[in-house]
Every structure is written in C-alpha cells, then in structure tokens.
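Take a look at the structure set out below.
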Amino acid sequence: MGFVDYEVEGHVGIMTINRPKALNALNEDVLKDLGAAFDAVNLDEIRVVILTGAGEKSFVAGADIAAMSTMTKAEGEAFGKFGNDVFRKIEIFPVPVIAAVNGFALGGGNELAMSCDIRICSENAVFGQPEVGLGITPGFGGTQRLARLIGPGKAKEMVYGGRNIKADEAYRVGLVNAVYPQEELMAAAKKLASGIAKNAPIAVRNCKKAINDGLEADMDQAIVVEEKLFGDCFETEDQKEGMAAFLEKRKVERFINK
Ligand code: CAA
C-alpha cells in the first residue's frame, strides 16, 4: 500500500513504513497510507500489530521538513491535525501496537512510537524532539505524550533543549521497554507479539481500552471503566474456556476471539 508495507504472520500484522530514501520521513502521503493500512487490518484475525521502518538506519526521521518549509500558519495547523488524527487512530486501535524502533525516531518518529502501546528498539536507535531547532513545536503529540510517558521534567528537558537521546538513555527514562542488537529486533518484537496474541483476544483488547481510558479519567471514573470492561469479558467463549481449563487442570485448547 504505497509507503506502507503490510504482511501477516499468524495473528500478528507487521507494518513497515517504506520511504528509506528520506529515512521514512512523514509527508501527507505517508501519513495517509499509514492511516489506510490500519483501517485495512482484519481485526477478526489480527491480535497484535508490529510497526517498524524500512532499512537499518531509521524508524522515522520525523515529519517531512521539505514539505513543511513553505507552510502557512493554517496549513501548519492542518498538518498537525492530519498527523494527530492518524496517531490517535493508532493509540486507540482496538488491538495492541508494538513499535519496533530500528533507528532514528526523531520528531514525528518519536511521536509515532509514543502512539504505540509498547516500544522496543535497536541499539542504534536515537530518540528526540528536535523541533525547536527548526523553529516549531512538536506537532504530532510530542508535547503531550512524552510528558505522560517519562514525566514532565525529563520531557521538558528533551523538548526545550531539542537534545536527542540514545537507546540506553531511552531505556533508562522508560521511553522504551527493551533494547536489542539490530539483527535481533524483529525476532524480539515477534516474540513479544506472540506472547500477547496467545491470550484471550477480547480480554487483551479490553485491557488496552481500560488502561487508555482509565489514564484519561480520575480514579473514581477509572475504576468504573474497568468494571464495565471486566464485566464485558464474562459469558464469552474464551472466558469459559480459560476458566474451565484452569479448573480442569489442563492447558487452554485455543482462544477463538468470541
Ligand atoms: N524530512 C525530510 N527529509 C528528511 C528528513 C525529514 N525529517 N530526515 C531525513 N531526511 C532526508 C534528508 O534530507 C536526506 O535526503 P537527501 O539524500 O535527498 O539529501 C536523506 O533523508 C538522508 O538524510 P541525511 O543525509 O540527513 O542522513 P544523516 O545520516 O546525515 O542524518 C538525521 C540523519 C540525523 C536523522 C538527519 O537526517 C536529520 O536530522 N533529520 C531531521 C530530523 C528532524 O529534525 N526531525 C523532526 C522533523 S520536525 C517534526 O517531526 C515535526 C512534528 O512533530 C510533526
């Protein structure tokens, strides 16, 4: 699909942003293809999506600077909304999305990784929000999600200073869950994905929604969100099988997403 390749391995969808000549920078066409790729995922089959970048150098080197260089205020704002809408689609996508960050994740690249549920990266990965050096603010969620993920103090240091951080620091501040040698990254992402995909799909989806929606609510509302999604799992085939397997001291035969 244009700038985004998509393949399926069992219950895992693997999406690759493919514009390596520009280090997978995001222009409107790439963003459009990315949104369309998520829209096209068959949610009856797919239980986890892995998102990565083509090549060994870059996940995504940011929004396309050449495309932004001549934008008016109104066009800048509209471009911000365009990117934000796609990234929000990913953030609230029904199944978990793992970012396999295989190199530069700068500006829009870091913002894209932060829209995913879980981030792992290669040893050569570099993260940052260098926008202030270009005369702009982060515009695809960076001023919002970075502070929520790593705390306002560290986020402000990164955003105001436009200072990039390497994989080890990204791990230390909690921006990524794990760091792997480049050649092991996709295998690690697939292992992580299959560990999620083997569990009851409705329960996993409801966990994602409960965590995401709960983080946006105060605790009294958040626990009600949890109660509803907890209740929603009951009477499903997979809840019956999961609990029957435990009580009968056997392994789950298979979860069927019903
Ligand atoms: N936009 C457009 N083109 C880009 C790009 C970007 N964000 N990042 C890299 N490219 C292009 C380069 O222009 C270059 O193209 P040419 O070969 O046609 O000249 C090609 O990709 C390779 O890049 P470099 O030659 O620069 O590669 P390098 O290894 O020397 O440097 C880099 C790599 C450090 C990532 C450097 O490319 C760089 O600093 N890129 C820009 C990073 C950045 O500032 N990102 C934030 C963008 S703003 C943003 O994202 C706003 C937002 O929040 C929405």
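The values are calculated or read from the model by the stated rules, or taken from the named source; none is laboratory data. Quick caveat, the model's predicted, so the values are computed rather than measured. Methodologically, a virtual Cβ is constructed for each residue, glycine included, from the backbone with ideal geometry; neighbour enumeration extends over all protein chains shown. Heads up: the accessible areas ignore ligands, DNA and RNA and are worked out on the full protein's heavy atoms, side chains in. Shrake-Rupley method; radii C 1.70, N 1.55, O 1.52, S 1.80 Å.
Here is the figure for region 27-37: residues that are open to solvent by 10 Å² or more (accessible area, probe 1.4 Å) and in a helix (DSSP H, G or I) total 5.
Condition check ((1) modelled with pLDDT of 95 or more; (2) touching an Asp or Glu at 6+ places or on another chain (Cβ under 7 Å); (3) farther than 23 Å from A78 by Cα; (4) away from the ligand (no atom under 16 Å from the Cβ)) across all residues:
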residue	(1), (2), (3), (4)
M1	no, yes, yes, yes
E7	yes, no, yes, yes
G13	yes, no, yes, yes
I17	yes, no, no, no
K21	yes, no, yes, no
A25	yes, yes, no, no
K32	yes, no, no, no
D39	yes, no, no, yes
E45	yes, no, yes, yes
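Here A203, A193 are screened, and the one residue that is at pLDDT 95 or above, under 18 Å from the mean Cα position of the chain (by Cα) and surrounded by 15 or more Cβ atoms within 10 Å (Cβ to Cβ) is A193.
Would region 82-91 turn up any residue that is under 20 Å from G151 (Cβ atoms) and either under 14 Å from the mean Cα position of the chain (by Cα) or among the polar types (S, T, N, Q) (or both)? Yes, region 82-91 contains at least one residue that is under 20 Å from G151 (Cβ atoms) and either under 14 Å from the mean Cα position of the chain (by Cα) or among the polar types (S, T, N, Q) (or both). In region 88-111, the residues that are modelled with pLDDT of 95 or more form Cβ pairs under 9 Å with partners that are of a type in the set (D, E) and within 16 Å of the ligand (Cβ to nearest atom), at six or more places apart or across chains, as follows: V97/E91; N102/E56; G103/E56; A105/E111; G107/E131; G108/D64. Quick check on region 218-258: of everything there that is out of contact with any Pro (no Cβ under 7 Å at 6 or more places or on another chain) and among the aromatic types (F, W, Y), which residue is surrounded by the most Cβ atoms within 10 Å (Cβ to Cβ)? The residue in question is F230. Looking for something farther than 30 Å from G195 by Cβ, open to solvent by 30 Å² or more (accessible area, probe 1.4 Å) and not in a strand (DSSP E or B) - is there at least one such residue anywhere in region 38-60? Scanning region 38-60, I find no residue that is farther than 30 Å from G195 by Cβ, open to solvent by 30 Å² or more (accessible area, probe 1.4 Å) and not in a strand (DSSP E or B), so the answer is no.
Of the residues G162, G174, the single one that is touching a Gly at 6+ places or on another chain (Cβ under 8 Å) and at positive phi is G162. Here is the figure for region 205-223: residues that are among the hydrophobic types (A, V, I, L, M, F, W, C) and under 21 Å from T236 (Cα atoms) total 3.
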